[in-house]
Amino acid sequence: MAKVTIDDITIEVPDGTTILQAARMIDEQQGTNIAPPAMCYYSKLKTTGGYCRTCIVKVEQGSEKDPRPMPKPVPSCRTTVMDGMVVRNNTSADLLEARAGVVEFLLINHPLDCPICDQAGECHLQDLGYENGKEATRYEFQRREFEPIDIGDKIKLHMNRCILCYRCVKTCEQITDGRVHGVINRGDHAEISTYIEKAIDNDFSGNVIDVCPVGALTDKTFRFKSRVWFTKPVDAHRDCKHEKCNGKVRLWMKGDDVLRVTARKDRWGEVEEFICNECRFDKKYVADWVIDGPSKVSHNSVISQNHYATDLKKMRLSLQSEVELLKHKKATLGQGSLDPNNI
Amino acid sequence: MNLTDRKKVVVKKEMTLVEKLYIPAITNGMVITLKHFFKKGATVRYPEVKRDIAGTYRGQHVLKRDENGAERCTACGLCAVACPAEAITMESAERKKGEENLYREEKYATIYEINMLRCIFCGLCEEACPKEAIFLTDRIVPVSGNRKGMVYGKDKLVEDINHPIDLSYRQTKAVAEFKKDKTKAHNQTWKDKQNLIKEKNH
């Protein structure tokens, strides 16, 4: 076990835990908000992380035995904790400035076509840009440009928007069987691609849409159908025949129409369980699903706009307390005290 | 039970003889009526006579086209989300090949409706628009005999390609200057972009 202090909060974690995982543990246990953002790290996939550098943190004290600070910000997704480590994330002004720089570099080739992009509203890069005050661009040169490509008949690839996080490559490697998809070329020329635009044809290939933090890989069945904040997320399940898929999904509905099906996502924007292509692309009727109830959307998200959901549990509690109050009044003031003119 | 302390008790007392004749009361009333014959009227005879309104008056909306006549709106939905009265609805579709002269961006609005009965003319849609597509003009929304007539679709909102609506006087100098800058992607029409690609390939 190792004791680590992140933003003045101490936690004891098992050896081999990364700083990012430890920060997320603190958030989950104490309801704080100190976990650094991550664009390429994905806890559900192996060997992810280390590409985007948005999760950098400042290590003020290396460990108990060697208290020297680390000379440069370190990527928290790839750095394991040491006993007595002291880490600064949101409480260090230098670090936030460094992260803003990283975000600006991520946005250099990003086309900023959010008004057109289907991911807008649930895009991690959009959130990251706004969080770090980088909603405008200073870049004046020609950006890299690619034509949108169809990868199979269900997935659209907009290479312009890609930030090369490698999540989709790892998904294809680990979740699907035959991998036909990877990153070709190097440096500024790098792009994700399939071998000679070969269609991704696999039961779980649709998951690359969910893991993509930007709008590079989008659902063709949902293409330009609606903005995400005009749809209503609903949790649902069905009895899926596929042995690896348990059929638990999130439906994005408009009225009675199911516009899109995605996997359920947790507070870190990662899928809870990967779903198969049949659930994702072919079951677009309410009759195919058993509805579990409305999904929880953070009130900070634009998706919660104009959705007037009430917390049923809270409502029940407040109703109960109202009834108690009335009962109490009746008992203390006697019959007739509940006359509306007297309240 | 007293709701306010300003209530007055009504007293019904007997009228005097002069009051019973009503003549002084009637003459008083007639004097007031006659006075108004010689006063200037408070109203004007719209639509023959129109009142002066400010140049920045917020009236009926317009969906602008760019200088090549392509619709600027890309159905991003920011106006609808910004609208406090929830008056705007839209549906979008993908632009097909050969329609580049009709729609400026890859995506366009197939249906764009503003419910003028709900609209409060606050101008937040204009402020939210990232594509300079929607503007409020100094035109007054005419009344309609039924509710359906007050839901304005694209036929009423998109400006006539032959008679564009001039809104330059509503813009600040800085904005007008910025719009001339063709190096900014924001100001490039589809044709400008094609020319740039051609130049690059040469």
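Out of all the residues in the range A:59-66, is one or more under 30 Å from A:Glu272 (Cα atoms) and either touching a Lys or Arg at 6+ places or on another chain (Cβ under 6 Å) or not charged (D, E, K, R) (or both)?
The answer is no, given that none of the residues of the range A:59-66 is under 30 Å from A:Glu272 (Cα atoms) and either touching a Lys or Arg at 6+ places or on another chain (Cβ under 6 Å) or not charged (D, E, K, R) (or both).
Here B:Met90 meets the list (1) under 14 Å from B:Leu157 (Cα atoms); (2) in contact with a helix residue (DSSP H, G or I) (Cβ under 8 Å, 6 or more places away or on another chain); (3) more than 10 Å from every other protein chain (Cβ to nearest Cβ) almost entirely, failing just condition (3). Check whether at least one residue in the range B:50-65 is within 14 Å of another protein chain (Cβ to nearest Cβ) and farther than 17 Å from B:Leu157 by Cβ, and report yes or no. No: zero hits. Every condition in (1) more than 14 Å from chain A (Cβ to nearest Cβ); (2) at pLDDT 95 or above holds for B:Tyr112 except the one numbered (1). Here the range A:109-153 is the region considered, the condition is being within 25 Å of A:Val271 (Cα to Cα), acidic (Asp, Glu) and loosely packed, with under 14 Cβ neighbours inside 10 Å, and the residue that is farthest from the other protein chains (Cβ to nearest Cβ) is A:Asp153.
The residues of the range A:119-155 that are within 30 Å of A:His299 (Cβ to Cβ) and either in a loop (DSSP other than H, G, I, E, B) or at pLDDT below 85 (or both), listed by number, are A:Gln119, A:Ala120, A:Gly121, A:Glu122, A:Cys123, A:Asn132, A:Gly133, A:Lys134, A:Glu135, A:Ala136, A:Thr137.
Per the conditions (1) outside any loop (DSSP other than H, G, I, E, B); (2) within 14 Å of another protein chain (Cβ to nearest Cβ); (3) out of contact with any strand residue (DSSP E or B) (no Cβ under 6 Å at 6 or more places or on another chain), the sole criterion not satisfied by A:Phe105 is (2). Within the range B:23-62, the set of residues being among the polar types (S, T, N, Q) and touching a residue at least 60 places away in the same chain (Cβ under 8 Å) comprises B:Thr56, B:Gln60.
Determine whether B:Glu127 is modelled with pLDDT under 95, within 14 Å of another protein chain (Cβ to nearest Cβ) and in a helix (DSSP H, G or I). Against the criterion (modelled with pLDDT under 95, within 14 Å of another protein chain (Cβ to nearest Cβ) and in a helix (DSSP H, G or I)), B:Glu127 does not qualify.
Applying the selection to the range B:141-173, what residues are surrounded by 14 or more Cβ atoms within 10 Å (Cβ to Cβ), modelled with pLDDT of 90 or more and touching a Gly at 6+ places or on another chain (Cβ under 7 Å)? Hit for the range B:141-173 is B:Val141, nothing else.
For the range A:73-92, give me each residue that is farther than 18 Å from A:Glu12 by Cβ, surrounded by 15 or more Cβ atoms within 10 Å (Cβ to Cβ) and of a type in the set (S, T, N, Q).
Taking the range A:73-92 and keeping what is farther than 18 Å from A:Glu12 by Cβ, we get A:73-75, A:77-78, A:88-92.
Then drop every residue that is not surrounded by 15 or more Cβ atoms within 10 Å (Cβ to Cβ), which leaves A:73-75, A:77-78, A:88-90, A:92.
The answer is A:Asn89, A:Asn90, A:Ser92.
Residues in the range A:215-224 that are more than 7 Å from chain B (Cβ to nearest Cβ) and surrounded by fewer than 20 Cβ atoms within 10 Å (Cβ to Cβ): A:Lys220, A:Thr221. Of all residues in the range B:130-167, those satisfying the criterion of being of a type in the set (Val, Ile, Thr) and part of a loop (DSSP other than H, G, I, E, B) are B:Thr137, B:Ile140, B:Val141, B:Val143, B:Ile161, B:Ile165. Among the numbered conditions (1) more than 13 Å from the chain's Cα centre (by Cα); (2) within 14 Å of another protein chain (Cβ to nearest Cβ), the only one that B:Pro164 does not meet is (2).
Answer yes or no: is there a residue in the range A:73-90 that is part of a helix (DSSP H, G or I) and among the small types (Gly, Ala, Ser). Working first, answer last.
Looking only at the range A:73-90, we keep the residues that are part of a helix (DSSP H, G or I), and these are none.
The answer is no; no qualifying residue exists.
The values are calculated or read from the model by the stated rules, or taken from the named source; none is laboratory data. What you are looking at is a predicted structure, and each value in this text was computed from that prediction instead of being measured. A quick note on method: Cβ atoms are made from the backbone with ideal geometry, for glycine too, and the neighbour counts reach across all protein chains shown.
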